[in-house]
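One structure is given here, and the rest of the page talks about it.
The values are calculated or read from the model by the stated rules, or taken from the named source; none is laboratory data. Note that the structure is a prediction, hence the values are computed from the model and not measured. Quick reminder, even Gly has a Cβ in these numbers, built from the backbone with ideal geometry, and neighbours come from all protein chains shown.
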Amino acid sequence: MSSIVLATSAEDSRAVEAVVAHHTEMNGTLGLLVEALVQAAEAGDAPAAATAHRRLVDWTRADLLPHAQAEEAAMYPHAHRDPQARLLVDAMIAEHGVIGGLVDSLADATDPVRAAALGRALQVLFEVHMTKENDQVLPLLALSSDVSLAGVLDGMHELLGGHSHGTEGAGAPEASGGCGCRDGGCGGGGGTAEVSAAPAPAPAPERHSCGCGGHDDAGNLPVLDARAVPHAIRHATIFGALDGVAPGAGMVLLAPHDPLPLLAQVDARWPGTFTVDYLERGPETWALAFTR
């Protein structure tokens, strides 16, 4: 997402940033849940696949589908009034129908491989759908003089992830392109984006790299390669993935630098929740296992 959001008001600009940040976190959560199911299916681990399958279905019904319904109720009617956007909105509503059908098929699947395939299809469709909404529907509403996007989204927690668009939510630093690294050490784009001053970082999650075997099961954890994620949405994607980690489970993060600012943000967001083990310390890749 661009660090500059064009809108008719500062409130609408913040509303766009909040929705895009929430979309990014949802995409991260969905990616982690699908990857856990795919990995368990590939390994032939029936109990792990059943657990991953159940968690994916539960999340789609508790978060993804209500989010789609909120979009149709809050945003789409306003965009549909624009003749240039009418066909796009109709197509977006049709995609919601396809997403709902995939969720139903996923819930009915009894074979782990089939469930994993349906999960991956759902992930791809959501990412494409999310991109169109971020890049076309939201800017159209934000630039409209006839619509107050901030007013349209007021109170719509399914769209904003429970965070008010008028205040800085968990995704706000990423929405402006800042990762907290200050020196551009993320290795991603967006080096010209402004980074607002941040308070001193909170203590980072407990972590060790002593070779004591605390991460012996890391090879069985789903992997998020943050090096492939655009800089401006990197932390929001990671937050979404971590949100999809169940108690007792974990994930491996691959980063292009030592993510110390991220670890402080994780601890501030989930105090004392994650144990972090360094699996690799550069020089090109840092690998960290997060265990909940």
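Take A246 and tell me if it is out of contact with any Ser or Thr (no Cβ under 7 Å at 6 or more places or on another chain), modelled with pLDDT under 95 and among the aliphatic types (A, V, I, L, M). Yes. Set side by side, the residues D104, D108, D82 differ, and just one is surrounded by fewer than 17 Cβ atoms within 10 Å (Cβ to Cβ), touching a residue at least 24 places away in the same chain (Cβ under 8 Å) and outside the structural domain of D243 (by TED's automatic domain parsing), which is D82. Only one of the listed residues (A289, A264, A268) is in a helix (DSSP H, G or I) and either free of Cβ contacts under 8 Å to residues at least 40 places away in the same chain or buried (at least 16 other Cβ atoms within 10 Å of the Cβ) (or both). That residue is A264. Tell me yes or no: at least one residue of segment 119-135 is β-branched (V, I, T), more than 29 Å from R54 (Cα to Cα) and either touching a Cys at 6+ places or on another chain (Cβ under 6 Å) or modelled with pLDDT under 95 (or both). Taking every residue of segment 119-135 in turn, none turns out to be β-branched (V, I, T), more than 29 Å from R54 (Cα to Cα) and either touching a Cys at 6+ places or on another chain (Cβ under 6 Å) or modelled with pLDDT under 95 (or both). Considering segment 111-138, and only residues there that are in contact with a Ser or Thr (Cβ under 9 Å, 6 or more places away or on another chain) and within 15 Å of H67 (Cα to Cα), the residue that is surrounded by the most Cβ atoms within 10 Å (Cβ to Cβ) turns out to be L122.
Say whether the condition of being crowded, with 19+ Cβ neighbours inside 10 Å, of a type in the set (S, T, Y) and in contact (Cβ under 8 Å) with a residue 12 or more places away in the chain is met by at least one residue in segment 51-62. Scanning segment 51-62, I find at least one residue that is crowded, with 19+ Cβ neighbours inside 10 Å, of a type in the set (S, T, Y) and in contact (Cβ under 8 Å) with a residue 12 or more places away in the chain, so the answer is yes. Would you mind stating whether A68 is under 18 Å from L138 (Cα atoms) and either touching a residue at least 40 places away in the same chain (Cβ under 8 Å) or of a type in the set (K, R) (or both)? Here the answer is no, as A68 does not meet what is asked. Scanning segment 93-131 for residues that are more than 13 Å from V38 (Cβ to Cβ) and within 16 Å of the chain's Cα centre (by Cα) turns up L125, F126, E127, V128, H129, M130, T131. The number of residues in segment 242-254 that are touching a residue at least 40 places away in the same chain (Cβ under 8 Å) and part of a strand (DSSP E or B) comes to 2. If you filter segment 1-49 down to residues that are of a type in the set (S, T, Y) and in a helix (DSSP H, G or I), you find that the one that is modelled with the lowest pLDDT is S13.
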